[in-house]
Amino acid sequence: MLTLISTASRRTFDADLDSDVLPEGVNWIDAFRPDEREAAYLERAMKIAVPTYARLSEIETSSRLYRDKDHLYMSLPAIVRLSSGSPQTSPLGFVLNKDLLLTIRYKQMKACEDLHYAQPVNNRRAADGPSALITLLEAIIDRAADELEKIHAELDSLSASVFADNQSKGPEKTTDDLRRIITRVGRAGDLTSKIADVLLGVGRMAPFVATEAADYLTADERAKIKSLSRDIASLNDYETRQTDKIQFLLDATLGLTGIEQNVIFRILTIVSVMVGPPTVVAGVYGMNFKYMPELEWPFGYAFGLAMVFVSALIPFIWFKKRGWL
């Protein structure tokens, strides 16, 4: 599906797939899963080779950023949300020249779709390719910043949960809580790593555009690209701190999980030690010897039970005094 847009007026145009030219005023074409006919129209109208999904998915810098005559070809991984809500990355491709920006994507991306019908900043804004690219990159960076803020709030909540006083809870309940915390920390770490990939892609694109498109960038566009670079640098620093905090919380949670497991093993050890002496006493009186004086005693059975009880009570008192119970 092709969406032809003027970022100055926020007007959309219908694409005549049989034509060889673009409607006048268009400076952004958003191609969502373009089919063969749509790709052929773009190649005729823009005189380019439309990048394939496989080409956009390549990770080498030479494949993500290159120039072919008057067109700049770029790509980066963008974050998309699946129907389940889980984040995933999908390639987002750009083809840029002085007058036009083409984006190619194969997943629904809110940063692109929200800009289709957004209100124009002002009607005097330049309607060229770089202005459309900058508008889209600003939206991508804003969404990355919003996601980092949400992760920060999530990590604060997890930190409070990890270091809360859980002495009133039983080991089983505490272990379940820690398991859920590890899952949430893992999800936060996964999303943070995806945001880092997005920031890396945009961070490489900004200087590439500033250098390769220097001949036709306006002063305002150059200033905005510099501002984007500063925003990316600050978000990269913020993301690094987030990653450090995620690792800290993960280590702390795993440490607490080990402590809870040690408590369980300690209880099992104490129980086994307490059960050992009564087992020995019961084993002695279970022997089939012919002469055992206690078997003839009127209170022999009570004596045996008392021996079992005392042999279990002594280790219990000893562990209690040492604070192990």
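Here are the numbers for this structure:
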{"quantity": "Unique residue being assigned by TED's automatic domain parsing to the domain that holds residue 60, modelled with pLDDT of 85 or more and surrounded by fewer than 16 Cβ atoms within 10 Å (Cβ to Cβ) when the list is 169, 150, 194, 173", "calculated": "150"}
{"quantity": "Qualifying residues in the range 273-325 (those that are basic (Lys, Arg) and not in a loop (DSSP other than H, G, I, E, B)) - the one farthest from residue 262 (Cα to Cα)", "calculated": "321"}
{"quantity": "All positions within the range 262-304 that are surrounded by fewer than 12 Cβ atoms within 10 Å (Cβ to Cβ) and among the aromatic types (Phe, Trp, Tyr)", "calculated": "265, 289, 291, 299"}
{"quantity": "Cβ-Cβ under 8 Å pairs, at least 6 apart or on other chains, the range 79-108 side more than 30 Å from residue 213 (Cα to Cα), far side assigned to a loop (DSSP other than H, G, I, E, B)", "calculated": "88/82; 88/107"}
{"quantity": "Restricting the range 22-33 to residues that are surrounded by fewer than 20 Cβ atoms within 10 Å (Cβ to Cβ) and either within 16 Å of residue 94 (Cα to Cα) or in contact with a Ser or Thr (Cβ under 7 Å, 6 or more places away or on another chain) (or both), the residue that is modelled with the lowest pLDDT", "calculated": "25"}
{"quantity": "Filter result for residue 314 (assigned by TED's automatic domain parsing to the domain that holds residue 182, over 30 Å from residue 211 (Cβ atoms) and in contact (Cβ under 8 Å) with a residue 12 or more places away in the chain)", "calculated": "no"}
{"quantity": "Residue list for the range 19-42, filter: farther than 24 Å from residue 108 by Cβ and either without any contact (Cβ under 8 Å) to a residue 12 or more places away in the chain or touching a His at 6+ places or on another chain (Cβ under 9 Å) (or both)", "calculated": "24"}
{"quantity": "Residue within the range 252-273 that is among the acidic types (Asp, Glu) and without any contact (Cβ under 8 Å) to a residue 60 or more places away in the chain present", "calculated": "no"}
{"quantity": "Flag for residue 255 being small (Gly, Ala, Ser), part of a helix (DSSP H, G or I), closer than 23 Å to residue 323 by Cβ and in the same structural domain as residue 139 (by TED's automatic domain parsing)", "calculated": "yes"}
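The values are calculated or read from the model by the stated rules, or taken from the named source; none is laboratory data. Keep in mind the model is a prediction, meaning the values are calculated, not measured. Every residue, glycine among them, receives a Cβ derived from its backbone with ideal geometry; neighbour counts consider all protein chains shown.
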